[in-house]
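Notes for the one structure printed next.
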Amino acid sequence: MQVVTVLLVLVVSSTYAHIVRDRIKNSKVNKNKRIFGGEPAEPGFATYQVSIQTPLFEHICGGSIIGDRYILTAGHCIKNYINKHRESELQIVTGTNRYDKPGGVYYVKDLILHCNYGIKEYHNDIGLIRLNESIVFNKFTQPILLPTEPLKDGDEVVLTGWGNTDYINDLPDDLQKITLKYVPRKECLEALDNNPGLDIGHICTFTKEGEGACYGDSGSPLVKDGFVFGVVNWGFACATGKPDAQANVHFYNDWIRTQMKD
Ligand SMILES: *[C@@H]1O[C@H](CO)[C@@H](O)[C@H](O)[C@H]1NC(C)=O
């Protein structure tokens with residue numbers, strides 16, 4: 001039986017390994033196949049990409065720079081750090097394709113979770129990180145724009161992230177990239193058997209079995225022509241042949257702008 005999983009690398013690595021091993025036992029997936037199905041991104045490919053981490057360079061989630069003090073990510077990436085006032089445990093690494101070799105390191109001023117996060121399971125899974133200092137932009141560090149129109153049938157988006165590329169190895173050192181197709185809502189609902197976890201605040205992406213997001217890609221951006229259209233949310237992990245659900249940034253534009261005060 002498949003289990004819906006948010007695509008977060010749990011901070012406790014033994015728990016993570018446990019989950020991964022269970023999946024290998026229970027799955028028919030060819031272990032030698034790269035689950036993510038992407039390829040390393042060239043330096044400077046995704047200048048908006050950040051890694052959200054613990055201070056020991058342990059990657060938790062991805063995110064994208066949408067302002068000199070703002071990071072866009074998934075709600076489930078920051079949720080646990082709000083409840084327990086653990087904001088100071090996070091660092092944001094910018095300007096690099098190697099999450100352990102930062103271009104810049106920034107710290108949290110506020111974690112902003114959507115007020116209707118999880119009102120139903122997996123709904124409104126979007127959040128912002130307000131930094132306590134402005135990001136210094138350069139060749140490898142740049143913001144990405146919020147979309148001005150929704151995606152349409154036939155569109156493709158580029159996902160970047162440091163999520164797992166297979167069930168065996170640790171996270172890849174190098175940022176990975178993959179082009180995915182936007183899946184219209186009706187088609188996606190059908191493919192996901194009308195899963196109630198999918199709501200109007202999601203978009204779906206898919207190509208084929210063996211390609212898609214995995215653990216550690218949560219919060220990472222899906223981009224087209226310089227606009228961030230999606231934020232990795234959840235899927236049947238990993239790349240099992242069903243569309244992945246991503247937060248629909250266009251749907252949350254007003255919420256995002258309202259939160260970005262300065
Ligand atoms: C931001 O937070 C970091 C880590 O707590 C701290 O070292 C730094 O001085 C802070 N910067 C400002 C401008 O407060």
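The values are calculated or read from the model by the stated rules, or taken from the named source; none is laboratory data. These numbers come from a predicted model, not from an experiment. Quick reminder, even Gly has a Cβ in these numbers, built from the backbone with ideal geometry, and neighbours come from all protein chains shown. Calculation scope for accessible area: heavy atoms of the full protein, side chains included, ligands and nucleic acids excluded. Shrake-Rupley method; radii C 1.70, N 1.55, O 1.52, S 1.80 Å.
List of remarks:
- The HN-Hα couplings worked out from phi for the range 155-160 by the Karplus form 6.51 cos²θ - 1.76 cosθ + 1.60 (θ = phi - 60°) are 5, 10, 10, 9, 9, 10 Hz, whole numbers, x standing for Gly and Pro.
- The order of the peptides 194-205, 153-164 by mean Cβ neighbours within 10 Å, most packed first, is 153-164, 194-205.
- Computed 3J(HN,Hα) for the range 49-65, one whole-Hz value per residue from the Karplus formula 6.51 cos²θ - 1.76 cosθ + 1.60 where θ = phi - 60°, is 6, 10, 10, 9, 9, 7, x, 9, 6, 8, 5, 9, 8, x, x, 9, 7, glycine and proline marked x.
- Stretch gain in nm, segment K152-N138, where the contour uses 0.36 nm per residue and the Cα spacing is subtracted: 1.8 nm
- Cα shape, the range 125-262, gyration tensor, a/c 1.5 rule: oblate
- Solvent-accessible area per residue, Å², over the range 48-123 with all protein chains present [probe radius 1.4 Å]: 42
- Greater than 31 Å apart at Cα, pairs in K84/K139; K79/K177; K84/K186; K109/K181; K84/K181: K84/K139; K84/K186; K109/K181; K84/K181
- Protection-proxy order for peptides 142-150, 244-252, 91-99, 109-117, each taking the mean of Cβ atoms within 10 Å per residue, highest first: 244-252, 91-99, 109-117, 142-150
- Spin-label pair K261-E58: with each label point 7 Å from Cα along the Cα-Cβ axis, the two points sit 3.2 nm from one another.
- Added length on full extension, which subtracts the Cα-Cα distance from 0.36 nm per residue, L145 to E121: 5.8 nm
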